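Any read-out appearing in this document is the output of simple, stated calculations on the displayed coordinates, not a laboratory observation. Predicted model only: the values in this text are computed from it and were never measured. Please note: Cβ atoms are built from the backbone with ideal geometry, for glycine as well, and neighbour counts cover all protein chains shown.
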Amino acid sequence: MLHAVIMAGGSGTRFWPESRADYPKQLLNLAGDTSMLQSTVARLGTLVRPEQVLVVTNARLVEPITRQLTGLTVLGEPCKRDTAPAIGLAALYVSRSDPDATMAVMPSDHVISTDEQFQGAIAAAAQLVEQDSDRIVTFGIRPTYPAESFGYIERGEKMSARGTDKVPVYRVLRFREKPAASVAQEFLNAGNFYWNSGIFVWKAKTILQQLEIHQPEMFAHLQQIAKSFDRPDFQTVLEKEFSAIRGVSIDYAVMEHAKEVLVIEAPFAWDDVGSWQAIARLNAADADGNTVLAKYLGVNTTGTIVRGPADHLIVTLGLSDCIVVHTPDATLVARKSDEESIRKVVKLLEERGWTEYL
């Protein structure tokens, strides 16, 4: 049976001041009328039943996520340990009721269209996994520019298998880390590299086997947690064992070592919504090139992103290529070219002890 595991533990610091520790990016309405997490769940359509959807997040977000996703199972990690432990924990959780479970693992904060193309791609990947349970399937996004902020997948030979007539499937030669600009340009020119989408399909038992082989210490801690799933001391065991795990991403832990890895060239449009500039890609601009999601008046302002509440007027004079974001307790004004420094702002707030703004 197909299960969907949605990874919803990110902090979204590049969306400060709107994204906060208790209400981060994935809970915000950044690309529509619903939150990114709600859109991710809706995107699944009839692929999986609600009882086969598992949301993995950090413990402090369980309550707000539960309010947004009534009736779904939400599993809270006691501390941040990257994606491999979270995925391992999810695999053990779904395996207890479905030992032959197929897992579709996906981030909670991407914009994907269309839903039908996404569902078709996941179904094709699940069919590949059902045909051979050793397979691990990921999705690659054809790059449109030499991005330095994404990991890459180098594809090998094209595969011919049942159910792959509508989606191109290739063997994975290797995963590549986020490259320097010159290397990213080489990847783009080569034509056989994809952006790594972070979306995977595999058998739960297969990913657990891979973790046991390549991350035995982590796997041992996860097994101890699994033994306590239905016991009264589950939370105590979870906090003890999960905290003892050394954090590592699923790419480093498994994907770079596994032998039978396939990549499907994603047939859907994809945006990782990694920063405020994504708002300009996802929303129409006005005649001056401004992207406005606010009550706004602009004079001699061009190429600027403006976001704020409907009951607060934002006025800009003489701005060009800027970002203006207003919240009830903090306002950001930045050049688009300085956007990466938002992370530095968050760090400085931490150092000053101004945690009320985080």
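Within a straight-line Cα-Cα reach of under 30 Å, Lys205 can be paired with the following lysines, leaving aside sequence neighbours fewer than 8 residues apart in one chain: Lys80, Lys158, Lys166, Lys178, Lys227, Lys240, Lys259.
The label-point distance for Arg171 and Thr236, in a model that sets each label 7 Å from Cα toward Cβ, rounds to 5.1 nm. With kT/(6 pi eta Rh) evaluated at 20 °C and eta = 1.002 mPa s, and Rh the Kirkwood radius from Cα pairs, the chain diffuses with a coefficient of 99 µm²/s according to Stokes-Einstein. A simple spin-label model places the labels of Thr144 and Arg96 4.3 nm from each other, with each point 7 Å out along Cα-to-Cβ.
Think of it as helices only: each DSSP H run of n ≥ 4 in the chain is worth -39500 (n - 2.57), and spread over all residues that comes to -8500 deg cm²/dmol at 222 nm. Distances between placed amide hydrogens fall under 5 Å for Leu173 paired with Glu154, Arg155, Gly156, all partners being 5 or more residues away or on another chain.
Label sites at Ala181 and Thr34, each approximated as a point 7 angstrom past Cα along Cα to Cβ, lie 4.0 nm apart.
Once the Cα-Cα distance is subtracted from the 0.36 nm per residue extended length, the Lys347 to Leu317 segment shows a gain of 7.8 nm. The range 70-88 to the range 195-273: how many Å between their Cα centroids? Their Cα centres are 10 Å away from one another. Sorting 105-111, 146-152 by their mean Cβ neighbour count within 10 Å, with the most densely packed peptide first, gives 105-111, 146-152.
The order of the peptides 245-254, 335-344 by mean Cβ neighbours within 10 Å, most packed first, is 245-254, 335-344. Multiplying the residue separation of Asp286 and Cys79 by 0.36 nm and subtracting their alpha-carbon distance yields 70.2 nm. For the range 2-271, the dipole from Cβ point charges (+1 on Lys and Arg, -1 on Asp and Glu) about the Cα centre works out to 100 debye, to the nearest 20.
Restricting the range 150-205 to trypsin sites (Lys or Arg not before Pro) that sit in a DSSP loop and have at most 13 other Cβ atoms within 10 Å of their own Cβ leaves Arg162, Lys166.
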